[in-house]
Amino acid sequence: MKKVLAIVLTCLLLMPLIAATGAAAGSDEIVDGRFVETKKITVEVYDRGLDGGKTTPENNFYTDYIKEGMLRDHNVEVTFIPVDRWNETEAINNLLAAGDAPDVCVTYSYPTIQTYANMGGVLDMAPYLEEYKDLLPNLWGFLGEFNLYYDRDPESGTVWAIEAKLVNNARTNTFVREDWLAKLGLAEPTTLEEFEAMLYAFKDNAELLLGEDADKMIPLAISYDVGWRIDHLVAAFVPDDLSDKDAYVQGFDDRHLLYPGYKEAIRKVNEWYNAGLVWQDFALYGAGDTTEINLEKSGFVGAFMHNWDLPYRDGPDGIHGGMKTVVGEDAAFIAVESFPNDAGAYRKFLSNPIDRKVFFPATNKEPLASMLYLDWITDIEHKTFLQIGEEGVTHEVLADGAISIIAATNEKIINSQYNIDYTITSNGLDLGDVGLRMRSLGLGYGGVDASYILNAFNASIHEGRVFEHFSCGKIESEEGVDEMLKQKRDAFLAQAIVAKTEDFDKVFDEGMADYLTSGGQAIIDERAAAYAKYYGE
């Protein structure tokens, strides 16, 4: 497959491209920030498959705002290209292979970028960042060298992608039904044992909690993406003295699959599954499916782990708002901390302040216009408008200046939290002032009491750990196997959870062995060698 792609990309590269190190030519002449000659670029935007009054991701009030602004300020015409959010790695792979990728691409998968970069399919952004630095004040001012050069090769100096900034470095949370705790006279669980006892209490009191729907009781919901959904539980089984080096060598899988103790965390979930505490059908539903969320909205789920603020998103259409409509005003999920590790710490593995990776395919004939696009959306005035929209329509300003979000229902509705699908250099509320951001954080969820948001944010970052970033250059063994390894991981973890107790070790060990022989061990070995090369033993 790599050879075929290389041939395709070689043919594509015969097309005239702007040299990465060339100075601005006549057609690139800029006067007062605007190209003399109109430029045209295409930009990727995630399509989340939303319905219920949502707008199309490539054509709406906010895309119009960007298009008009780019044409006015830089004389650049922008066209948005929708890409399926839930299969984004496969989708961007297909677009790159066909030579149809948008000029400005975004993905969560850096190995995908590296694979195509090695075949000449991605532009080196370093020359543009350096040569046109004066034209990119917002990009440099906001991302800085850390994010712009996060993926820079330590030897060649190439920058195949820049890293968006994760403004609110919160990851996941553990949520439990606050009203069910109250009804059963239970305190918030603060240990694994208390959490497990709570799950049994939910199951044993299904009739009291759900009445005639008792047979629909789901004490704990997870999904096919097991690693993401039990992240807090996993952290409790990982020794607290895990070194930064080992976290790098074994941490290429962002679900922490290779961390010590992982198997025992999965064993615990297998135990719960066989005891009827875990949603029995979780493995049947793939990415983008809404079955689980609908079960949570209907009030049938007692606990789950997911994105740090997930229950509170989408106003009346979200889990929190939906439950209040279906179940009653007292129904609510609250974030708890239930899994201390061997040092007694409620450890959460937080990432460096990086997010999506933004890159330009080699078919991009307008790299400078594309850079100016990234700078334009990073401008705090433009970014603020994209995040919160119009005053009186999608937000209101309180007496202390704090921003309170209004759940709009017209054409100005915001499709994703703070419109992150358009602010691709930034993820998380950023209003240009830390104090204002923190005052506004709990008010960004229309109809949800701010106390739930602030509690969730604090729980998600409490005793969090960010591992050291090591610049070890290209890891060739990671190329082309990223998506395959993810699929293998998700499949064997789900199989291990639903296995009979006596079969657990066999299923897990065979799945892990297959994962390692399919490329995982090669990555570990190469990372260890790269670390030794640049940082010593």
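The values are calculated or read from the model by the stated rules, or taken from the named source; none is laboratory data. As the structure is a prediction and not an experimental result, all values here were calculated from the model. No Cβ is skipped: glycine too gets one built from the backbone with ideal geometry, and neighbour counts run over all protein chains shown. The area values use the complete protein model at the heavy-atom level, side chains included, leaving out ligands, DNA and RNA. Shrake-Rupley method; radii C 1.70, N 1.55, O 1.52, S 1.80 Å.
Between Glu329 and Gln280, the C-beta separation translates, for a Förster distance of 45 Å, into a calculated FRET efficiency of about 0.90.
Label-to-label distance, Asp215 versus Tyr535, with points set 7 angstrom from Cα along the beta-carbon direction: 5.5 nm.
Between amide H atoms placed 1.01 Å from N, distances below 5 Å from His306 occur with Asn173, Phe175, all of them 5 or more places distant or on a separate chain. Here the 3J(HN,Hα) profile of segment 205-214, calculated from phi with Karplus coefficients 6.51, -1.76 and 1.60 at θ = phi - 60°, is 10, 4, 5, 5, 7, 10, x, 5, 9, 4 Hz, Gly and Pro shown as x. Restricting attention to segment 239-335, which GluC sites (Glu not before Pro) occupy a DSSP loop and are surrounded by at most 12 other Cβ atoms within 10 Å? Of the GluC sites (Glu not before Pro), the ones in loops of segment 239-335 whose Cβ has at most 12 other Cβ atoms within 10 Å are Glu329.
If only the Cβ of Lys and Arg carry +1 and only the Cβ of Asp and Glu carry -1, the dipole of the chain around its Cα centre is close to 360 debye. Per residue, the chain exposes 41 Å² of accessible surface when a 1.4 Å probe is rolled over the protein heavy atoms with every protein chain present. Under 5 Å from the amide H of Arg356 lie the amide H atoms of Ala164, each residue being 5 or more positions distant or on a separate chain, with H modelled from the backbone and absent for Pro and chain starts. How charged is the neighbourhood of Leu242? Take every other residue with its Cβ under 11 Å from the Cβ of Leu242, and add Lys/Arg as +1 and Asp/Glu as -1. It works out to a net charge of -2.
I need the shape label for segment 282-341. Rule: rounded when a/c is under 1.5, else prolate if a/b > b/c, else oblate, with a, b, c from the alpha carbon gyration tensor.
Because a/c hits 1.5 or more and a/b fails to exceed b/c, segment 282-341 counts as oblate.
Taking all Cα pairs closer than 8 Å and separated by 6 or more residues, the relative contact order of segment 273-323 comes to 28 percent. On the basis of the beta-carbon distance and an R0 of 35 Å, Ala182 and Asp241 show a calculated FRET efficiency of 0.35. In plain terms, the C-alpha convex hull of the chain casts an average shadow of 25.2 nm² when viewed from every direction.
Sorted largest first, the principal axis extents computed over the alpha-carbon atoms of segment 350-418 equal 47, 34, 20 Å. Among residues other than Ala182 whose Cβ falls under 12 Å from its Cβ, what is the net charge (Lys/Arg +1, Asp/Glu -1)? With Lys, Arg at +1 and Asp, Glu at -1, the net is -2.
Note on Asn410 and Ala513: the model spin-label points, each 7 Å out from Cα along the C-beta direction, lie 6.4 nm apart.
With only alpha-carbon atoms in the gyration tensor, what are the semi-axes of the equivalent ellipsoid for segment 399-537, in Å, largest first?
That gives 41, 23, 17 Å for the three semi-axes.
For segment 112-226, the extents of the C-alpha atoms along the principal axes are 67, 31, 26 Å, listed from largest to smallest. Rolling a 1.4 angstrom probe over the chain with all protein chains present gives an accessible area of which 51% lies on carbon and sulfur atoms.
Here the 3J(HN,Hα) profile of segment 114-126, calculated from phi with Karplus coefficients 6.51, -1.76 and 1.60 at θ = phi - 60°, is 4, 4, 6, 4, 5, 9, x, x, 9, 7, 6, 7, 4 Hz, Gly and Pro shown as x. Net charge in the neighbourhood of Phe359 (other residues with Cβ under 11 Å of its Cβ; Lys, Arg +1, Asp, Glu -1) is -3. Around the amide H of Ala408, modelled in the peptide plane, lie the amide H atoms of Ile414, all under 5 Å away and 5 or more residues distant in sequence or on another chain. Between Asp503 and Glu37, the contour length at 0.36 nm per residue exceeds the alpha carbon distance by 161.1 nm. Report the FRET efficiency, 1/(1 + (r/R0)^6), for Asp73 and Asp100, where r is their Cβ-Cβ distance and R0 is 25 Å, rounded to 0.05. It comes out at approximately 0.35. Relative contact order for segment 41-183: 19 percent, from Cα pairs under 8 Å spaced at least 6 residues apart, divided by residue count. Segment 141-215 and segment 412-479 have Cα centres spaced 13 Å apart. Phi angles across segment 286-291 convert, under the Karplus curve 6.51 cos²θ - 1.76 cosθ + 1.60 with θ = phi - 60°, into 3J(HN,Hα) values of x, 4, x, 6, 9, 4 Hz, Gly and Pro given as x.
Under the definition of Cα pairs under 8 Å and six or more residues apart, what whole-number percent is the relative contact order of segment 408-523?
16 percent
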